[in-house]
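Okay, so here's the structure we're looking at.
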Amino acid sequence: MTDIAKLAGVSQSTVSLVINQMSGAKVSRATRDAVLRIAREIGYPLERHALPATPRERNLIVYLSDELATSPHAMQTIEGARDGAWEQGCLLAVFATCGDPAHEGAVLARMLADPGLLGVVYATIFTRAVTLPAQLDGVPAVLLNCHTRDRQYSSVVPSEVLGGFAATLHLAQAGHRRIGLVNGEGWIEAAAERLKGYRQALSTCDIPFDPLLVREGDWQVGSGYRHALDLLSLADPPTALFCANDLMAVGALEAARKLGREVPEQVSIVGYDDQDLARYTTPPLTTVLLPNYEMGRWAVQALVDQTRASVVRRTSIKMDCPLVERESVAKIA
């Protein structure tokens, strides 16, 4: 519409009035004809602006994410959103913007003009607070793996505190008193929440918190290996390790092998995320499920409910992260 306005020598608001056929707009016949002629010449899809009569006739859901390729999590979430949309008779259009405001704005400018649009699922790869683009003001939207400070939008995030609590409690209930934590970067919300759950579980079991048993990694196998090697080499080493993701847990398994420690007989290890690889480590890894698929389905269902309800209700939930028991934890006396 900006291009049309420049070519026609009018404001963008005038172009919007003409293209959207706003009744009562004081636009001359000559201006209206010029705007429509230029729009056709540059290929602007005028017919898309005949809006459907009701929200039930709108079946396009835009899934806007800052990143897709950094881990399997994004694709699992998209699969859940896709399946949820299909069951509601909707289609999902996915866009990755790499967090670029210009790219994000361009996608929204194009997709919000689609008369079949039902709403937007706004997703992030890391759980965090976000500031939404102004273009989403008044647009039905649900936040996935993120939230706003003012809580003005429905949102779903994983319950990371409970996940960290479940992992640590499982080790404590197996008899472990010295439990090391190989965490991610502290500035990441998920890492901070998992640390909080770890400390709460220790407190629940009357186990003193020892900062010497906590290491900050970078979510990769290498940092899990280095930090686990360091922890297991202490004069009074931990008998169990909680790693804040499965990749670092794989590194911890390799560190234990390097030191000749049998898992789980001599050291127990718990991961987090329940990636596919957790099933195929030696031994298979006890871990915590990150409910990506379920969060995707929930976000779409919440969006559909919001657009089809007579009264809009905002809901923010933290979805449970259950423990998945396999063979990397053993009880000790």
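Three principal axis extents of the chain based on alpha-carbon atoms, in descending order, are 88, 37, 33 Å. Helices in the chain, meaning DSSP H runs of at least 4 residues, each add -39500 (n - 2.57). Divided by all residues, the mean residue ellipticity at 222 nm is -12000 deg cm²/dmol. Here the chain is assigned +1 on the Cβ of each Lys and Arg and -1 on the Cβ of each Asp and Glu. Its dipole about the Cα centre then comes out at about 1000 debye. These residues, Met111, Met75, Met295, go from largest to smallest accessible area, 1.4 Å probe, as Met75, Met111, Met295. In 10 Å bins starting at zero, report the fraction of Cα pairs in segment 217-278 per bin as a rounded %. Reading upward from the zero bin: 26, 59, 14, 0. Between Ala102, Ala228, Ala74, the GNM of the chain built on Cα springs shorter than 10 angstrom shows Ala102 fluctuating the most.
Summarising the amide proton neighbourhood of Thr148: residues at separation of 5 or more, or on other chains, whose placed amide H is nearer than 5 Å comprise Val130, Tyr153.
Residues whose amide H comes within less than 5 Å of that of Thr97, counting only those at least five positions distant or on another chain, are Ser65, Asp66, Glu67 (H built at 1.01 Å from N in the peptide plane). Think of a 1.4 Å ball rolled over the protein heavy atoms: segment 54-121 then has 46 Å² of accessible area per residue.
Can you send over the carbon and sulfur percentage of the accessible area for the chain, probe radius 1.4 Å, protein chains only?
Values: 8440 of 15990 Å².
Reported share for carbon and sulfur atoms: 53 percent.
In the chain, taking the dipole from charged Cβ atoms about the Cα centre, the farthest positive-side position among Gly251, Gly271, Ala141 is held by Ala141. Remark: the Cα gyration tensor places segment 178-248 in the oblate category, a/c being 1.5 or greater and a/b not exceeding b/c. Computed from the C-beta positions of Trp86 and Gln12 and an R0 of 45 Å, the FRET efficiency is 0.80 to the nearest 0.05. Judged by the gyration tensor of its Cα atoms, with axes a ≥ b ≥ c, segment 137-265 is prolate; a/c meets the 1.5 cut and a/b is the larger of a/b and b/c.
A Förster radius of 56 Å, combined with the Cβ-Cβ distance separating Ala102 from Glu265, puts the computed FRET efficiency at roughly 0.50.
Between Arg308 and Lys196, what length in nm is gained on full extension when 0.36 nm per residue of separation is reduced by their alpha carbon distance?
The Arg308-Lys196 span can extend by a further 36.5 nm.
Principal axis extents of the C-alpha atoms in segment 94-210 (largest first, rounded to whole Å): 60, 23, 22.
Over segment 180-333, average the accessible area per residue using a 1.4 Å probe and give it in Å², no decimals. Working shown, then result.
Numbers: 7120 Å² over 154 residues.
The answer is 46 Å² per residue.
Report note on the peptides 317-327, 269-279, 144-154: ranked by the mean count of other C-beta atoms within 10 Å, highest first, their order is 269-279, 144-154, 317-327.
For Arg257 and Cys205 in the same chain, what is the full-extension length gain: residue separation times 0.36 nm, less their Cα-Cα distance, in nm? Mind showing how you got there, number by number?
Details: separation 52, 0.36 × 52 = 18.72 nm, distance 2.91 nm.
Value of the extension gain: 15.8 nm.
Derived scalar couplings between HN and Hα for segment 294-302 equal 5, 5, x, 4, 4, 4, 5, 4, 5 Hz in order, rounded to whole Hz, by the Karplus curve 6.51 cos²θ - 1.76 cosθ + 1.60 (θ = phi - 60°), x for Gly and Pro.
When you count the other C-beta atoms within 10 angstrom of each residue and take the mean per peptide, 117-123, 299-305 line up highest first as 117-123, 299-305. Under the simplified labelling scheme, the Ile332-Glu185 pair shows an inter-label distance of 3.3 nm, with each label point 7 Å from Cα along Cα→Cβ.
Largest GNM mean-square fluctuation among Leu169, Leu36, Leu112, using the chain with Cα springs under 10 Å: Leu36.
The values are calculated or read from the model by the stated rules, or taken from the named source; none is laboratory data. Fair warning: this is a prediction, and the values are worked out from it, not measured in the lab. With ideal geometry, Cβ positions are generated from the backbone for all residues, glycine too; neighbour counts draw on all protein chains shown. When the accessible area is computed, the model is the full protein with side chains, heavy atoms only, and any ligands, DNA or RNA have been set aside. Shrake-Rupley method; radii C 1.70, N 1.55, O 1.52, S 1.80 Å.
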